[in-house]
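Since the structure comes first, as structure tokens, the remarks are kept for the end.
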Amino acid sequence: AMTGRIQTHRGFMRGSYLGAVGAFVGATVVPQRDIPQLAVDHPMLLSAAALAVSALAWGIVALARLEKRSPTLPRHHASLPK
């Protein structure tokens, strides 16, 4: 953000926050060894779930790219070294 690339910084911060929330949700919803057991007992169900999660992630990224971008600040500021 100090170099004036506000949109890039916002994108990185959103990604970091959403990644942390996703990790928290995953650890909360599946706290034990359910995923390895699912892979052994029902591999097609696990494959379908992985495909659904991938499609959801793709959709979120596609929507984020369509977001209207606000103009960024100029690169050279009086307070920043040139």
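Bear in mind these aren't lab numbers, they're just calculated from the coordinates by the rules spelled out. Just so it is clear, the model here is predicted, and its values are computed rather than measured. Neighbour counts run over all protein chains shown; Cβ positions are idealised from the backbone, glycine included.
Listed peptides 42-50, 27-35 appear in the order 42-50, 27-35 once ranked by packing, highest mean of other Cβ atoms within 10 Å at the front. The alpha carbon gyration tensor of segment 32-71 gives principal lengths a ≥ b ≥ c with a/c of 1.5 or higher and a/b greater than b/c, which makes the shape prolate. Our coupling estimate for segment 25-36, obtained by passing each phi through the Karplus curve with A = 6.51, B = -1.76, C = 1.60 and θ = phi - 60°, is 4, x, 6, 7, 6, 10, x, 10, 8, 6, 5, x Hz, Gly and Pro reported as x.
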